[in-house]
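Worksheet: the structure to be examined is printed underneath.
The values are calculated or read from the model by the stated rules, or taken from the named source; none is laboratory data. Note that the structure is a prediction, hence the values are computed from the model and not measured. As a convention, Cβ positions derive from the backbone with ideal geometry for all residues, glycine included, and neighbour counts pool all protein chains shown. Protein only, heavy atoms only, side chains kept; ligands, DNA and RNA dropped before computing areas. Shrake-Rupley method; radii C 1.70, N 1.55, O 1.52, S 1.80 Å.
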Amino acid sequence: MNRIDIRFAALKAHNRKALVPFFTAGDPSLEATVPVMHALAAAGADVIELGVPFSDPMADGPIIQRSSERAIARGAGLSYALRCVAEFRQRDADTPVVLMGYLNPIEIRGAARFAAEAVAAGVDGVLLVDLPPEEAAELRAAFDAAGLQLILLASPTTTDQRLALLCDDAQGYLYYVSFAGVTGADRLDAVAANQRLSEIRQRSRVPVVAGFGIKDAASATAMAREAEGVVVGSALVAALAATHVEGAVAAIAATDAATAFLTPLRQALDAPA
């Protein structure tokens, strides 16, 4: 069984919500990526979404765009992200890792080659923001053959017809984009998002997690009323970026920042309702 399925089954058994932090591989420094992954796992991350730096991140707001630019300037890309996951797996065999990014680097590499390399590194799932589910058959076949899950996205503008397709095809978890916009925007309407989440959960075969606009313990608990988990990205990326100093010093500061950022969210999600 895939590590993502194992983790969500355990969360359901213990009536807990999933906490899914996102940050960009290679930012705030190349040396910090793996230590930050371990710090997030130790602070209560259930799944780590590791962003693959990309030059045209169309779904991402300025904070994550700039983190990709900095990471690319340091030489980080898909190969670097895979190496980081492989190094992370030397000490952590249990925490699921999902690569989040865009289709182009995988198409260049080839779907079958990428899937094989990703699974060998220890990747459990892939979320590709610009991959329409209607055009995912070839990629999905390569992923299925390798044992790699394809994480799909739904949004407030998703039609009922497309939502039916997403709910039928989803693997691991279904990522619900809480509002129509880019990451990091201050547009979260938790009431409206939870109403839509309730509808989707009734139809989805897999857990539904909510992302976009979640920045602290209050917004995490607000969205966790209906979602089975929450994704926090831009606010964590900003906290990590504030520690930027190249080299080992950056790794220590970044791990401290990751722990300080995530711990209150974990505590809030685990607090009695």
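Data overview
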| read-out | value |
| --- | --- |
| Separation of the Q90 and V191 label points, Cα + 7 Å toward Cβ, nm | 5.2 |
| Rounded to the nearest 20 debye, dipole of the chain from Cβ charges on Lys, Arg, Asp, Glu | 460 |
| Charge sum, other residues only, whose C-beta stays under 13 Å from R16's C-beta, Lys/Arg counted +1 and Asp/Glu -1 | +1 |
| Cα gyration tensor shape for the range 105-148, rounded if a/c is under 1.5, else prolate or oblate | prolate |
| Residue with peak Gaussian network fluctuation, the chain [Cα springs, cutoff 10 Å], from L40, L197, L163 | L163 |
| The chain: C-alpha gyration tensor shape, a/c 1.5 cut-off, then a/b vs b/c | rounded |
| Carbon and sulfur %, accessible surface of the chain computed with the full protein complex present, 1.4 Å | 53 |
| Spacing of the two label points (7 Å from each Cα toward its C-beta) at V245 and A42, in nm | 1.9 |
| Per residue solvent-accessible surface (Å²) - the chain, probe of 1.4 Å | 41 |
| Formal net charge of residues neighbouring I252 (Cβ-Cβ distance under 15 Å; K, R +1; D, E -1) | -3 |
| Point-to-point label distance, Q267-I108, nm (Cα→Cβ direction, 7 Å offset) | 4.4 |
| Per-residue [θ]222 nm for the chain (sum of -39500 (n - 2.57) over DSSP H runs n ≥ 4, rounded to 500) | -15000 deg cm²/dmol |
| Area of H244 that stays accessible when all protein chains are in place (1.4 Å probe, Å², to 10) | 80 |
| Prolate/oblate/rounded label for the range 61-133 (Cα gyration tensor, a/c 1.5) | oblate |
| Net charge over other residues, Cβ less than 14 angstrom from the Cβ of A73 (K, R count +1; D, E count -1) | 0 |
| C-alpha center-to-center spacing [the range 51-65, the range 68-125] in angstrom | 16 |
